[in-house]
1. So for the chain: antiparallel DSSP bridges make up what percent, rounded to the nearest 5?
2. How do the peptides 286-298, 128-140, 305-317 rank, highest first, by the average count of neighbouring beta carbon atoms within 10 Å per residue?
3. Keeping the other protein chains in place, figure out the carbon and sulfur percent of the accessible area of the chain, with a 1.4 Å probe.
4. Can you run phi through the Karplus equation (6.51, -1.76, 1.60; θ = phi - 60°) for the stretch 380-388 and list ³J(HN,Hα) in whole Hz, with x for Gly and Pro?
5. Considering only Cα-Cα distances, which of the following residue pairs are longer than 19 Å: 97/358; 184/217; 56/358; 85/233?
6. Using every pair of alpha-carbon atoms in the stretch 1-157, split the distances into 5 Å bins beginning at 0 and state the percent of pairs per bin, rounded to integers.
7. From the square roots a ≥ b ≥ c of the eigenvalues of the alpha-carbon gyration tensor of the chain, which class results: rounded (a/c under 1.5), prolate (a/b over b/c), or oblate?
8. Using Cα positions and a limit of under 13 Å, work out the aspartates and glutamates in reach of residue 39, with same-chain residues fewer than 8 apart set aside.
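The values are calculated or read from the model by the stated rules, or taken from the named source; none is laboratory data. Since we're looking at a predicted model, the values are computed, not measured. Every residue, glycine among them, receives a Cβ derived from its backbone with ideal geometry; neighbour counts consider all protein chains shown. Accessible surface is based on the protein model in full, side chains and every heavy atom, while ligands, DNA and RNA are left aside. Shrake-Rupley method; radii C 1.70, N 1.55, O 1.52, S 1.80 Å.
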Amino acid sequence: MDTIYLDHNATTPVDPKVVEKMIPYFTGEFGNPSSAHKKGYEASKAIEIARAEFAKLIGADPSEIIFTSGGTEADNIAIRGVYFKLAPEKNHIITTKIEHPAVLQTVQYLEKHHGAEVTYLDVDTGGRINLDDLISSITEKTALVTIMTANNEVGTIQPIEEIGKICAEKGVLFHTDAVQAAGKMPFDVNKLGISLAAFSAHKFYGPKGVGALYIKKGVRLDPQTTGGGQEKKFRPGTLNTPGIVGMGEAARLARENLDSHTEHVKGLRDYFVSRLKEEIPHLVFHGDPKHQLPQVASVGFSFVEGESTLMFLDMDGNIQASSGSACSAGDLHASHVLLAMGVSHASANGTIRFSFGKDNTKEQVDKVMEVLPPIITRLRKMSPLAPKEE
Ligand code: PLP
């Protein structure tokens, strides 16, 4: 039975073209990019090509990009970097209740151990913040606004351009976790008024363990790691040449294929959602349909446990999806994102996130729709809460 992988928000397979570009940097071109000889120069040249490619994907200048080990590290360098530069004079951070743990736990750490005052903005039932709440939260003590571009669990896209304008008018730095946005939607740092943004290659068909931080020219950070001085001292340590080369190629492909990728995954998602609505009763669709990543369907199956649905999908159909954020896999607490959107614990626990990718097909959706409805019927039969006709 072939695998049907519908968990692309957790991670994507590396594009074979990306792998091809990476291989020489594991073998012949193994030089340390900091070395002052031919091998070093070849590696360093490849890194600068990748930097330019990635910068192009997000409308930045290559000098504004530093490579990191992923999205989590980029978020940490940005948030801690701004905070330790500006505190204690400015010790206020504004964020939302639905951030990824890479942001949420970082601000919570600063709150608990370093005197940060944090405002956690509420979101509406679709998962979007209210701009008036943001405006009224900003004070002369505000060091940073950190609001994700698109949510990993429900795909909701925030009004980033408006947030950027507000922050610019108030003279406050604006960081966005854009890990789920890059390669999935148009994203231009200048148009969006962003000071700092975090990215991760494995979310757009690049390798794991490599990411980037955009730092707008003129934005000053306190470096969080000490060492050899690479990446303008913000991420010292020998650079991951193959990974960075892979990220550059993945960025080039993402830019070239953005429209066709969007159309493909949106087509599959919409087809899947329309079949679900016709064939399975008692569903709730989470997220804001007008402002949602094209590849995501977050579906609440009432009266069933998401973990059981996932297990049967995997066992009966070799279908892989997620019951929430992969990063909190194994954590059976209801999703903090869904709870913040006003979803009940029971409903949140019955939710499955399906996220489509470039290699999925309509036939795979048909296969899922053969396997999924009987699973839900079976689980509901065992549920004392489900209506009798189930
Ligand atoms: N931010 C968001 C929104 C994510 O979805 C993820 C990964 O799931 C991360 C940050 C962490 O990225 P990485 O796995 O590259 O550390």
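1. If we restrict to bridges inside the chain, about 55 percent are antiparallel.
2. Ranking the peptides 286-298, 128-140, 305-317 by packing returns 286-298, 305-317, 128-140.
3. On the chain, the fraction of accessible area on carbon and sulfur atoms equals 53 percent.
4. Coupling constants for the stretch 380-388: 5, 4, 7, 8, x, 8, 5, x, 4 Hz.
5. 97/358; 184/217; 56/358
6. Bin by bin from 0 Å, the calculated values are 2, 7, 12, 14, 15, 14, 12, 10, 8, 5, 2, 0.
7. oblate
8. Partners found: 29.
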